[in-house]
Every structure is written in C-alpha cells, then in structure tokens.
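A quick write-up on the structure given underneath.
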Amino acid sequence: TPRFAQFKLVLLGESAVGKSSIVHRFVKDQFDEFRESTIGAAFLTQTVLLPNNITIKFEIWDTAGQERYKSLAPMYYRNANCAIIVYDITQESSLEKAKQWVKELQRQANQDIIIALAGNKLDLAESDPSTRKIKKEDAFTYSREENLLFFEVSAKTGEGVKNIFQSIAKKLPID
Ligand code: GTP
Ligand code: MG
C-alpha cells in the first residue's frame, strides 16, 4: 500500500560552504556558479520515493550561514526531524564550524533528530588534490564517534547529493 510522510529538514553550516547549492541540486537539479548568499533562510520542498511505495516529502529550511543570522537558527532547527550540516572540504575552518553546529543540535534540538554531515565541493579536490584541506578519514571518524551519517558530495557535479536525502529518508520513522 502506498504511504506518505513529511518531515522537516534544516541545513546549517558556515557561509559559502554550499548549503543552498546542495538544496538547488536536489530540488531543481541545477547549479549556479554565482549564487547569492542567503538572507535569513529559504524554504523549499522535495519528495523522495523509497522502495515499498513510501513517499517522503522534505520541508527544507536552508539557513543563512553568515554570522549575523546565527541567532535565527534555533527557529529553524527547533522542530526539525533531520539536519544536514555542511562543510567545505577545501576550507579548514568550516569543519570546526560544523562541529559547533553538531554540539548545538545535540543540546538543543529534538532528542531523536537525524544528523548528516556533508563535506561539499568534492569536484575541487577531484580536479586538484592539493585543494583538499580536510581528510575524508578524519571527518568520517568524527561522524562515527558522534553517530552522524557522513557523505562527501559535490553540488556542482551532483555527485552524492541525492544519496544524502535518500539515506536520511531511510532512517526516518514511518508508521
Ligand atoms: P550562505 O547562504 O552564505 O550561508 O552560503 P551557502 O552555504 O548557501 O553557499 P552557496 O550555496 O551560496 O555557495 C557558495 C559558493 O560556492 C557559490 O559561488 C557556489 O557556486 C560555490 N559552490 C557551491 N557548491 C559547490 C561545489 O560543489 N563545487 C564548487 N566548485 N563550488 C561550489
Ligand atoms: Mg545559502
């Protein structure tokens, strides 16, 4: 029998890591080289179809990473069922920022929130390995310790992007 469920998902992470680009790749299958920094937050929806005829609708809050918007974040993660914390594998500081978000969610968000860590801009490291500043192994080890789903992706090529949402959808509670 077909089933349908909807869940609230929030994206968090330092400015310019590619949160909006990941969402646009997932929702519209498009990428802009010159995307404008998000103001406040953006709301989008997209569905994924799981095996067994289960349709999952994601209500997505794409938050603004700039420091001046930090105080708005709790409004968006408060009732979230799932979160994608994004960092940029070519920016050292962005993983530290991601870890701060993980801590904040573990303290302040729903107890059963599903958190995924996504290292974006994989295309850059694939075309020039010297641009990589964060080893996959280090981020993976951290994710395992904190019980997070973990992915390296590229919003530019689309590599791995659908898989983040599919993997989260599979872990969501559906009755
Ligand atoms: P804020 O809205 O300020 O929080 O930033 P954001 O995290 O939403 O980043 P955004 O999606 O606006 O992307 C920032 C810049 O990185 C843009 O110029 C994008 O084109 C670029 N970018 C995003 N994803 C990728 C990627 O996978 N590869 C490459 N090469 N560039 C990317
Ligand atoms: Mg944005």
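The values are calculated or read from the model by the stated rules, or taken from the named source; none is laboratory data. Everything numeric here is computed off the predicted structure, so don't read it as measured data. All Cβ positions, even for glycine, are placed from backbone atoms using ideal geometry, and neighbour counts span all protein chains on display. Remember, those area values only see protein heavy atoms, side chains included, never the ligands or the DNA or RNA. Shrake-Rupley method; radii C 1.70, N 1.55, O 1.52, S 1.80 Å.
Here are the numbers for the structure shown:
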{"quantity": "Per-region count, the stretch 68-95, residues of a type in the set (A, V, I, L, M, F, W, C), in contact with a helix residue (DSSP H, G or I) (Cβ under 8 Å, 6 or more places away or on another chain) and open to solvent by 10 Å² or more (accessible area, probe 1.4 Å)", "calculated": "1"}
{"quantity": "Single residue of the stretch 15-35 satisfying the filter (near ligand 1 (Cβ under 7 Å from one of its atoms) and among the acidic types (Asp, Glu)) that is surrounded by the most Cβ atoms within 10 Å (Cβ to Cβ)", "calculated": "Asp32"}
{"quantity": "Index of the failed condition, Arg107 passing every other in (1) farther than 15 Å from Ser94 by Cα; (2) open to solvent by less than 90 Å² (accessible area, probe 1.4 Å); (3) in a helix (DSSP H, G or I)", "calculated": "(2)"}
{"quantity": "The stretch 1-14 - residue that is outside any loop (DSSP other than H, G, I, E, B) and crowded, with 16+ Cβ neighbours inside 10 Å and, of those, nearest to ligand 2 (Cβ to nearest atom)", "calculated": "Leu11"}
{"quantity": "Number of the condition not met by Thr45 [criteria: (1) open to solvent by less than 20 Å² (accessible area, probe 1.4 Å); (2) more than 11 Å from ligand 1 (Cβ to nearest atom); (3) farther than 22 Å from Glu146 by Cα]", "calculated": "(1)"}
{"quantity": "Top-ranked residue of the stretch 23-32 - restricted to ones that are touching a residue at least 12 places away in the same chain (Cβ under 8 Å) and in a loop (DSSP other than H, G, I, E, B), ranked as farthest from ligand 2 (Cβ to nearest atom)", "calculated": "Asp29"}
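A quick yes/no check of all residues on (1) without any contact (Cβ under 8 Å) to a residue 12 or more places away in the chain; (2) over 25 Å from Lys70 (Cβ atoms); (3) part of a strand (DSSP E or B):
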| site | (1), (2), (3) |
| --- | --- |
| Ala98 | no, no, no |
| Trp101 | no, no, no |
| Ala118 | no, no, yes |
| Glu137 | yes, yes, no |
| Ser167 | no, yes, no |
